[in-house]
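Single-structure report; data block below.
The values are calculated or read from the model by the stated rules, or taken from the named source; none is laboratory data. Because the structure is a prediction, the values reported are computed rather than measured. For neighbour counting, all protein chains shown are included, and Cβ atoms are generated from backbone atoms with ideal geometry for every residue, glycine included. We work out accessible area using only protein heavy atoms, side chains counted, and drop any ligands, DNA or RNA first. Shrake-Rupley method; radii C 1.70, N 1.55, O 1.52, S 1.80 Å.
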Amino acid sequence: MRIRTDGDYAYRNDAIERAADFYDCNKTKAIVSACDDVPKLVAAARQVLERDDLTLDQRREIAETLSTRAVDFEIEQSVNVYRD
């Protein structure tokens, strides 16, 4: 597999280098590690945001903090009214 890092894709090289620094490994292992970790981290974030002991404001603040360029967490509040 090849990942383009030329021209308009030069930013990818910086992202891969940051991942390699973060994981303290080579670029290939860093990419694989990030690909393994991201779905687990997103699932964990969703689980936290669904907790009943958080206020709406707390959920929104956490969602804003955890959102990235690629993953955006949004909090919605709905009220359902049922009549007989």
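The table below lists the values:
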item: Residue match in region 36-58 (condition: assigned to a loop (DSSP other than H, G, I, E, B) and open to solvent by less than 90 Å² (accessible area, probe 1.4 Å)); result: yes
item: Neighbours by Cβ (under 8 Å, 6+ apart or cross-chain): first from region 1-17, within 12 Å of Ile31 (Cβ to Cβ); second assigned to a loop (DSSP other than H, G, I, E, B) and hydroxyl-bearing (Ser, Thr, Tyr); result: Arg12/Thr5; Asn13/Thr5; Ile16/Thr5
item: Members of region 15-35 found to be closer than 20 Å to Ala70 by Cα, of a type outside the set (A, V, I, L, M) and either open to solvent by less than 80 Å² (accessible area, probe 1.4 Å) or modelled with pLDDT under 95 (or both), listed by number; result: Glu17, Tyr23, Ser33
item: Tally of residues being part of a helix (DSSP H, G or I) and open to solvent by 60 Å² or more (accessible area, probe 1.4 Å) across region 59-75; result: 5
item: Where a residue in region 26-53 is under 19 Å from Asn13 (Cβ atoms) and its partner, wherever it lies, is open to solvent by 60 Å² or more (accessible area, probe 1.4 Å) and at pLDDT 95 or above, with Cβ under 6 Å and at least six apart; result: Ala30/Tyr23; Ser33/Tyr23
